[in-house]
Amino acid sequence: MKVFQTSMSTAVRWTGLLTVVFAIIVVAVMASRPNGTFSVPLAGLLLVILSIAYAMSPLRYDVGDGQLVVRRQVGRVSAELRGATIESDPAAFRGLVRTFGNGGFFAVHGMYWSRRLGAVRVYARNRDHGVVLTLASGRKWLLSPDDPDAFIAAVRAWTR
């Protein structure tokens with residue numbers, strides 16, 4: 001099993017940090033109001049949303065035994081590599097429209113759409129290293145390993 005890291009880019013790190021700061025400011029403002037009882041459920045809801053977004057963010061990619069496993073902070077997602085195709089695409093993140101997912105809170109993951117790629121599942125932490133994996137079923141995954149060339153070579157060894 002080969003392990004490939006996906007590091008957080010500076011833009012994703014700042015987006016996550018600013019999201020947390022913004023959430024704290026919103027809760028503080030709501031709590032300072034004369035009838036601030038609404039701030040407790042709001043704070044709880046924001047905490048749950050931010051926790052789920054962080055838990056679903058990708059941590060690394062494991063390639064081996066004909067499988068690609070995307071390890072998340074909590075849980076994992078896997079795909080069969082036999083019959084798949086993979087290519088480096090540095091421009092893959094341009095023009096993505098989020099249909100359901102997280103667009104920058106410590107990762108970019110979920111379901112997206114673009115004119116070039118169509119529907120695509122994104123499991124990334126860095127928009128600089130786009131790699132498009134097209135599974136045998138036709139579904140597309142957009143990944144961002146730190147070493148795209150080594151990752152592509154490892155995946156191609158199992159796609160034949």
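The values are calculated or read from the model by the stated rules, or taken from the named source; none is laboratory data. Just so it is clear, the model here is predicted, and its values are computed rather than measured. All Cβ positions, even for glycine, are placed from backbone atoms using ideal geometry, and neighbour counts span all protein chains on display.
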**OP:** Could you list all residues from the stretch 25-48 that are of a type in the set (A, V, I, L, M, F, W, C) and in contact with a helix residue (DSSP H, G or I) (Cβ under 9 Å, 6 or more places away or on another chain)?
**Re:** Val26, Val27, Ala28, Val29, Met30, Ala31, Phe38, Val40, Leu42, Ala43, Leu46, Leu47
Subject >> Scan of the stretch 81-101 for residues that are touching a Leu at 6+ places or on another chain (Cβ under 7 Å) and either farther than 13 Å from Phe151 by Cα or free of Cβ contacts under 8 Å to residues at least 60 places away in the same chain (or both), ordered by number >> reply: Ala84, Ala92
Subject >> Residues of the stretch 120-159 satisfying the condition of being acidic (Asp, Glu) and within 15 Å of Glu87 (Cβ to Cβ) >> reply: Asp149
Subject >> Every residue from the stretch 44-73 that is modelled with pLDDT of 95 or more and hydroxyl-bearing (Ser, Thr, Tyr) >> reply: Tyr61
Original post:
Does His129 meet the test of being modelled with pLDDT under 95, closer than 17 Å to Phe4 by Cβ and touching a helix residue (DSSP H, G or I) at 6+ places or on another chain (Cβ under 6 Å)?
Top reply: yes
**OP:** Output the qualifying pairs, or none if there are none: Cβ atoms under 9 angstrom, residues six or more apart or on different chains, first residue in the stretch 7-32 and within 24 Å of Arg60 (Cα to Cα), second residue part of a helix (DSSP H, G or I) and among the aliphatic types (A, V, I, L, M).
**Re:** Gly16/Leu50; Gly16/Ala53; Thr19/Leu50; Thr19/Ala53; Val20/Leu50
Original post:
If the Cβ limit is 8 Å and pairs must be 6+ apart or interchain, which residue in the stretch 141-160 that is among the β-branched types (Val, Ile, Thr) pairs with which residue that is surrounded by fewer than 17 Cβ atoms within 10 Å (Cβ to Cβ)?
Top reply: Ile152/Glu87; Ile152/Ser88; Thr159/Arg82; Thr159/Gly83; Thr159/Thr85
Original post:
Counting residues that are buried (at least 20 other Cβ atoms within 10 Å of the Cβ), which strands (runs of 3 or more DSSP E) fully inside the stretch 71-160 reach at least 2?
Top reply: 108-114, 118-124, 131-134, 140-143
**OP:** Just one of (1) surrounded by fewer than 15 Cβ atoms within 10 Å (Cβ to Cβ); (2) farther than 16 Å from Val122 by Cα trips up Ala55, so point out which.
**Re:** (2)
